[in-house]
1. For residue 132, enumerate residues with amide H under 5 Å from its amide H, sequence gap 5+ or separate chain, H modeled in the peptide plane.
2. Full extension from residue 165 to residue 150: what is 0.36 nm times the residue separation minus their Cα-Cα distance, to one decimal in nm?
3. Hydropathy first: keep DSSP H helices in the chain averaging at least 0.0 on Kyte-Doolittle, then drop any whose Cα extent along the axis falls short of 18 Å, and list what survives.
4. Ignoring any ligand, DNA or RNA, what whole percent of the accessible area of the stretch 1-108 comes from carbon and sulfur when the probe is 1.4 angstrom?
5. I'd like to compare 149-158, 10-19: which one has the highest average count of other Cβ atoms within 10 Å, and what's the full order after that?
6. Give me the accessible area per residue for the chain, probe 1.4 Å, as a whole number in Å².
Amino acid sequence: MSTDTDVDAALELARELLSGVGDRLAHSTVAARTAESIARTVPAADRELLVCAVALHDVGYAPELRRSGFHPLDGARHLEALGWPSRLVALVAHHSGSRFMARTLGLEEHLDAYPDEGGALADAVLYCDMTTTPDGRRVSLAERLQDAHARHREAPDAERRARREREPFLRAAVARVQARLGPARQINAIPLPQSR
């Protein structure tokens, strides 16, 4: 695998790993399109990295990659093994406040093996993920959180608590991206063609 941040290669790998994994490919594809549309919120040198990280952020859901059972960590480990750049691997590991759940699952030490760079790039990855539903529809963060609460209402108390504790972190990151976008805050991704 190339160690460059090649958007086409990232999208192809996401297709290869996520086809047949529920709607994860639709989610990742729409989120990657959103990344392209908000790329101006990160430094020019990081724009391709942003799109690649968003395209690959959920590859850890692929059943063949499941080791820890925690998709950010499983995805990061696989991408690292393939030779993807360390910053991309770390963005996948830490996407969307994964540290909150890692702590609950006892995986914080494993996640800490990857540096959490924070900043505009991490905010943008989070924004793309948290404004796209698991089935690939563009939504507000509030709608996404409401959907997550409904989907995870039967989860163990500790996991639900970690999700609630993460919410201020998510809201702050989305607000920072919206501020960077300026007046043109509404980003609408093109719906995916139906391939059935």
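The values are calculated or read from the model by the stated rules, or taken from the named source; none is laboratory data. Everything quoted here is computed from the prediction, not taken from an experiment. Counting neighbours? That spans all protein chains shown, and the Cβs are built from the backbone with ideal geometry, glycine included. Just so you know, the surface numbers come from the protein's heavy atoms only, side chains and all, with ligands and any DNA or RNA stripped out. Shrake-Rupley method; radii C 1.70, N 1.55, O 1.52, S 1.80 Å.
1. Correct list: 139.
2. My answer for the length gained is 3.8 nm.
3. Taking the DSSP H segments of the chain (at least 18 Å long, mean hydropathy at least 0.0), we get 24-38.
4. 48 percent
5. On the way: 149-158: 10.4, 10-19: 18.1.
Ranking the peptides 149-158, 10-19 by packing returns 10-19, 149-158.
6. Numbers: 9640 Å² over 196 residues.
Dividing the accessible area of the chain by its residue count gives 49 Å².
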